[in-house]
Amino acid sequence: MAKPLDCWREVYESFSPVDLRTGERRPRVPEPGTDCRRAAVLVPIMLASEGARVVYTLRTGELRDHAGQVSFPGGTPEPQDRSLLATALREAEEEVDLESDLVEIIGELEDMYIPPSRFLVRPFVGLLQEEAELVLAPEEVEAIFSVSMEELMSPEAFKKVIWKREGRPHEVPIFAVRGHEIWGATAAMTAGLLARLGWEPGSTTEG
């Protein structure tokens, strides 16, 4: 996790929806001079006897940004935050009651740009201590769920679906797991994590 991923931009942009009429994808790097809104998320990983599991939240439908989507705990900096890492940890505590001293930060992923909201997001990867018990904040989070690395990396999890956005058909790469569809920035960050472990779309896992 401490090393940069050489192909990170290709991995990120491969999870941007494709406009099937124009073939265009939304970029994952902002154009020079773009007035970005900074944000940070925590990518929580639970270690269990059966293997590592990635923790996700399902955002409520009433939120202003990315309502109803699968996400990682996170948000925008507040005045008391001394760094983007502090933002990610504070937001995780607010959203899922995760105390920062129960998280071991093992690295960070490349910044993720989200064009519709102009967020430039810094993802931090953290291992959760066994005693960490997550409790959702109902005003922000509808559900908490986790998915094993093995399931995320299985060929059955990765799919491409056709959705209509603004009246136009788009091909959208997703992870379809545990009854949820993970797409957009969260799917791209998940792919950036998995790519560091050797995963490629359509590949199979070892043992």
Exercise. Using the 10 angstrom Cβ neighbour count as an exposure proxy, how do L193, L47, L5 rank, fewest first?
Worked result: L47, L5, L193
Problem set entry | Within-10-Å neighbourhood charge of E95 [Cβ basis; K, R +1; D, E -1] | -4
For this session: Would you mind computing, in nm to one decimal, how far apart the modelled labels at K3 and E200 are, each placed 7 Å from Cα along Cα→Cβ?
Result: 1.7
Problem set entry | R0 of 22 Å, Cβ-Cβ distance E10-C36: FRET efficiency to nearest 0.05 | 0.55
Problem set entry | Alpha-carbon centroids, segment 25-41 and segment 150-206: separation in whole Å | 21
Exercise. Which FRET efficiency value, to the nearest 0.05, is calculated for E139 and H180 with the Förster distance at 22 angstrom and r the Cβ-Cβ distance?
Worked result: 0.60
Exercise. Order of R59, R26 from fewest to most other C-beta atoms within 10 Å?
Worked result: R26, R59
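Based on the Kirkwood radius over alpha-carbon pairs, what is the Stokes-Einstein translational diffusion coefficient of the chain at 25 °C with 0.890 mPa s viscosity, in µm²/s?
141
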Exercise. Once Lys and Arg get +1 and Asp and Glu get -1 on their Cβ, which of T76, F124, A188 lies farthest toward the positive end of the dipole of segment 66-207?
Worked result: A188
Problem set entry | For segment 8-195, with +1 on Lys and Arg beta carbons and -1 on Asp and Glu, the positive-most of I114, P138, G179 along the dipole | I114
For this session: Quote the relative contact order of segment 54-189 in percent (integer), defining contacts as alpha-carbon pairs under 8 Å separated by 6+ residues.
Result: 23
Seminar exercise, completed: Computed D for segment 91-137, Stokes-Einstein, Kirkwood radius over alpha-carbon pairs, 20 °C, 1.002 mPa s, to the nearest µm² per second, is 177
Seminar exercise, completed: In debye to the nearest 20, the charge dipole size for the chain, taken about the Cα centre with +1 at each Lys and Arg Cβ and -1 at each Asp and Glu Cβ, equals 1060
For this session: Could you line up D6, D97, D111 from fewest to most neighbouring Cβ atoms inside 10 Å?
Result: D6, D97, D111
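Could you calculate, for segment 138-207, the ratio of the Cα radius of gyration to the Kirkwood radius, expressed as Rg to Rh?
1.01
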For this session: Any chance you could run the full-extension gain for I106 through E166? It's 0.36 nm times the residue separation minus the Cα-Cα distance, nm to one decimal.
Result: 17.7 nm
Problem set entry | Of G74, G33, G23, the one that fluctuates the most in a GNM where the chain has Cα springs shorter than 10 Å | G33
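Rule-based calculations on the coordinates, nothing more; no lab input. No experiment lies behind these values; they were computed from the predicted model shown. As a convention, Cβ positions derive from the backbone with ideal geometry for all residues, glycine included, and neighbour counts pool all protein chains shown.
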